[in-house]
Amino acid sequence: MIRRRLITGLGLAALLALGACGKADDKAPAKPQVLTFSILSAENQASMGPLWQPLIDDMSAYVGMPVKPFFASNYTSLIEAMRFNQVQVGWFSALPALDAVNRADGEVLGRVVDAGGDESYQSVLIVKKGSGITLDRVLKCDGKLNFGMGDAKSTSGTLAPKAYLFTPRNIEPAKCFKTVRSASHQSNVFSVANGVLDVATNNSVGLVFAKRENPEIADKIEVIWTSQPLPESSIIARKDLDPAIREKLRQFFLTYGVGTGPKADKQREVLKGLAYGGFRPADSSYLDPVREMNAAEDLAAARRSGDAAKITAAQKALDEIRAKAAQHRATNPDAG
């Protein structure tokens with residue numbers, strides 16, 4: 001179904017491009033009759049759908065038009081759906097949010113804060129409780145352990161463990177473990193708890209859901225490594241969406257669960273079900289840590305290649321990203 005939709009989107013894009021040949025780029029803002037809101041079903045849609053639906057219903061009432069959810073089981077599907085305008089707004093974790101900004105005409109409307117008010121979360125490594133597997137054992141890299149990564153586009157499941165744990169030690173997971181497989185956070189929890197995997201990636205938010213939905217399974221795992229803080233998820237909307245609609249969406253999220261009274265209390269209960277505390281203002285700069293992790297990984301790959309030109313280019317790109325991030329922090333000391 002997704003492939004069919006993408007083909008349709010590609011065909012429409014081609015027709016629009018042909019029709020625009022020789023004309024100025026004066027395309028009017030998009031005014032859809034229905035908004036589609038994308039959500040990564042990192043756990044499973046059956047359990048996540050009921051948690052998101054109250055927020056989607058409230059969004060529809062606030063914006064004044066129907067909003068329908070679009071669930072996908074991987075990040076690439078979400079990015080491509082926004083790229084081809086099958087969705088206009090959505091919840092993205094940090095790495096796919098950056099891809100949506102770079103490749104899908106996306107704009108950051110705001111960022112998520114967790115139930116405790118934190119604007120970050122952590123990547124973790126989990127093992128079966130009582131297995132005796134320690135971080136030193138994992139980093140021994142003797143090819144005897146079965147390892148579980150997250151989705152290739154997952155910030156906490158793939159990028160952060162590489163950038164903060166493996167790459168600084170010149171470890172390539174494919175050469176370190178007996179097997180390496182990619183799966184969702186929920187799948188990794190079950191696989192570790194049941195002894196299918198010896199160790200796997202996950203994140204602090206995923207463990208909250210695991211503890212709430214499958215406490216017996218969650219009690220069978222333990223954390224052996226925690227990353228430095230990662231940027232929390234964000235809300236992304238297409239830039240070509242009608243400005244009035246986009247601003248309504250921004251205000252909806254920034255005011256959701258804020259204030260006093262029965263309405264705000266009810267909204268906070270909705271957020272609690274999602275393990276969120278609310279939303280805060282943000283722009284693309286909040287993704288700078290992800291840009292830096294990506295650039296650091298590119299530099300590591302260039303060094304492994306031994307190509308001097310690639311190494312120089314990758315180092316320059318990393319230095320530029322770090323300089324821009326430092327400048328932003330200096331001029332916006334209160335920014336997350």
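The values are calculated or read from the model by the stated rules, or taken from the named source; none is laboratory data. Remember, it's a predicted structure, so these values are computed and weren't measured experimentally. Here the Cβ positions follow ideal geometry from the backbone for every residue, glycine too, while neighbour counts run over all protein chains shown.
General remarks:
- Subset tally (residues that are under 16 Å from THR201 (Cβ atoms), outside any strand (DSSP E or B) and among the aliphatic types (A, V, I, L, M)) for the stretch 112-158: 6
- Any hit, the stretch 268-275, residues being free of Cβ contacts under 8 Å to residues at least 24 places away in the same chain, closer than 23 Å to VAL112 by Cβ and surrounded by fewer than 19 Cβ atoms within 10 Å (Cβ to Cβ): yes
- Across the stretch 58-78, the number of residues qualifying as of a type in the set (Gly, Ala, Ser) and either in contact (Cβ under 8 Å) with a residue 40 or more places away in the chain or not in a helix (DSSP H, G or I) (or both) comes to 4.
- Identity of the residue in the stretch 161-171, within 16 Å of LEU299 (Cβ to Cβ) and part of a helix (DSSP H, G or I), that ends up farthest from the chain's Cα centre (by Cα): ARG169
- Number of positions in the stretch 294-336 that are within 23 Å of the chain's Cα centre (by Cα) and in contact (Cβ under 8 Å) with a residue 24 or more places away in the chain: 13
- Within the stretch 62-80, being in contact with a Ser or Thr (Cβ under 6 Å, 6 or more places away or on another chain), more than 18 Å from GLU247 (Cα to Cα) and not basic (Lys, Arg) holds for PHE70, PHE71, SER73, LEU78.
- The test for being modelled with pLDDT under 95 and within 21 Å of GLU297 (Cα to Cα) does not hold for GLY148.
- Looking across the stretch 281-299 at every residue that is part of a helix (DSSP H, G or I) and of a type in the set (A, V, I, L, M, F, W, C), the one that is farthest from ALA160 (Cα to Cα) is identified as LEU299.
- Identity of the residue in the stretch 276-320, surrounded by 18 or more Cβ atoms within 10 Å (Cβ to Cβ), in contact with an Asp or Glu (Cβ under 8 Å, 6 or more places away or on another chain) and small (Gly, Ala, Ser), that ends up farthest from VAL208 (Cα to Cα): ALA314
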